[in-house]
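Data block below; observations after.
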Amino acid sequence: MGYWENTTYIRHDRVADVAGALDRVFAREGMAPVPVPAQRARLAVEPMQYDGALDNDLWAFALFPGADGWSVLKSAPLEVLSERAQGAGRMRLVDVCRELEATAFQVNVYDSSGTVLVEVSSDGEVLMSGFSGLGDDPMRWNGIEITEERAEPAFELHDLGHLLSGDMLGDDFAQAAASEIGGRNAAYCSNLVSVDTLISHKPLNAPGGVALCYQWSGQSRQRRLPSDTFEQYGVRSG
């Protein structure tokens, strides 16, 4: 398996404000903040890695300061902020940006080469470019239609085009964004934080960072439980 990354960079320099925006946005769909659970062993196949937000009762986030003027978010499930609340017509990141009156961009890399770049304005405009090549309909990504003229990732809202210069797609692009926008916490922009630290509830050691968890307040919607094998994982919980 190749390199995967899903990282959100928010142009806001107060981690506490970003955490507050997450609280408010998630509360509107029944996700309540809870203490980080006790550390546990990670199994080979985890729903917080392989299933979407609406198929998990618990969401976890690593939130930490990046370069000057930026905050960084990692999550489990991996695409919580790219996905939509039940019945919503826009990704969750739109509401977070509106709460903060801030812009953001996401770097999504799939199996080293597939690259999706999402930019969100402070008033909720979404600009998506790139192509993952995955799923039953590879010309759609989290409900957004991919057109041929936008199949190459390109910055339009942020003056960061140099991060995509030359052949810097996929993992090269992700690493360039982490190095420049992640600042002193660049090492924590790795998806290892999402699939190991957050899922196992290990301590988050990013300076100035905080781990956040949110629990679904309704009847359980957990489709599957952590498993040792994909064969076991195919059995629904409950």
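Do any residues in the range 123-151 that are in contact (Cβ under 8 Å) with a residue 60 or more places away in the chain have Cβ atoms under 9 Å from those of residues that are hydroxyl-bearing (S, T, Y) and surrounded by 12 or more Cβ atoms within 10 Å (Cβ to Cβ), where the two are at least six apart or on different chains, and which pairs are they?
Note: pairs meeting the criteria are N142/S82.
Taking the condition surrounded by 21 or more Cβ atoms within 10 Å (Cβ to Cβ), of a type in the set (D, E) and within 18 Å of the chain's Cα centre (by Cα), does D95 pass?
yes
Within the range 2-17, does at least one residue satisfy the condition of being farther than 17 Å from L73 by Cα and surrounded by fewer than 19 Cβ atoms within 10 Å (Cβ to Cβ)?
Kept after step one, since they are farther than 17 Å from L73 by Cα, are these residues of the range 2-17: 2-3.
From what is left, the residues that are surrounded by fewer than 19 Cβ atoms within 10 Å (Cβ to Cβ) are 2-3.
Yes, there is a match, as at least one residue in the range 2-17 is farther than 17 Å from L73 by Cα and surrounded by fewer than 19 Cβ atoms within 10 Å (Cβ to Cβ).
Out of M48, M91, M31, which single residue is in contact with a Lys or Arg (Cβ under 7 Å, 6 or more places away or on another chain) and at pLDDT 95 or above?
So the residue among M48, M91, M31 that is in contact with a Lys or Arg (Cβ under 7 Å, 6 or more places away or on another chain) and at pLDDT 95 or above is M91.
Kindly list, by first and then second residue, each pair from a residue in the range 182-205 that is within 21 Å of W70 (Cα to Cα) to a residue that is part of a helix (DSSP H, G or I) and not polar (S, T, N, Q), limited to pairs with Cβ atoms under 6 Å and residues at least 6 apart or on different chains.
Close Cβ pairs satisfying both conditions: G182/C189; A186/A178; C189/A178.
Of the conditions (1) in contact with a helix residue (DSSP H, G or I) (Cβ under 8 Å, 6 or more places away or on another chain); (2) at pLDDT 95 or above; (3) under 18 Å from C189 (Cβ atoms), V15 fails just one. Which one is it?
That leaves (1) as the condition not met.
Can you name the residue in the range 108-159 that is of a type in the set (V, I, T) and more than 17 Å from the chain's Cα centre (by Cα) and, of all such residues, is nearest to N6 (Cα to Cα)?
Checking each candidate, the answer is I146.
Within the range 206-238, which residues are without any contact (Cβ under 8 Å) to a residue 12 or more places away in the chain, farther than 28 Å from A27 by Cβ and part of a loop (DSSP other than H, G, I, E, B)?
Answer for the range 206-238, where residues must be without any contact (Cβ under 8 Å) to a residue 12 or more places away in the chain, farther than 28 Å from A27 by Cβ and part of a loop (DSSP other than H, G, I, E, B): G234, V235.
Within the range 172-202, can you find the residues that are farther than 16 Å from Y9 by Cα and either among the hydrophobic types (A, V, I, L, M, F, W, C) or in contact with a strand residue (DSSP E or B) (Cβ under 8 Å, 6 or more places away or on another chain) (or both)? Full working, then the answer.
Within the range 172-202, the subset farther than 16 Å from Y9 by Cα is 172, 192, 195-202.
Listed by number, the residues that qualify are L192, V195, T197, L198, I199, H201.
So R224 fits all but one of (1) among the charged types (D, E, K, R); (2) touching a Pro at 6+ places or on another chain (Cβ under 6 Å); (3) under 26 Å from S113 (Cβ atoms); what number is the exception?
R224 satisfies all of (1) among the charged types (D, E, K, R); (2) touching a Pro at 6+ places or on another chain (Cβ under 6 Å); (3) under 26 Å from S113 (Cβ atoms) except (3).
For the condition crowded, with 17+ Cβ neighbours inside 10 Å and over 21 Å from Q106 (Cβ atoms), what is the one hit in E46, E83, E79?
Step by step, each of E46, E83, E79 is checked, and only E46 is crowded, with 17+ Cβ neighbours inside 10 Å and over 21 Å from Q106 (Cβ atoms).
The values are calculated or read from the model by the stated rules, or taken from the named source; none is laboratory data. What you see is a predicted model; the values in this text were computed from it and never measured. Glycine gets a Cβ as well: all are built from the backbone with ideal geometry, and neighbour counts include every protein chain shown.
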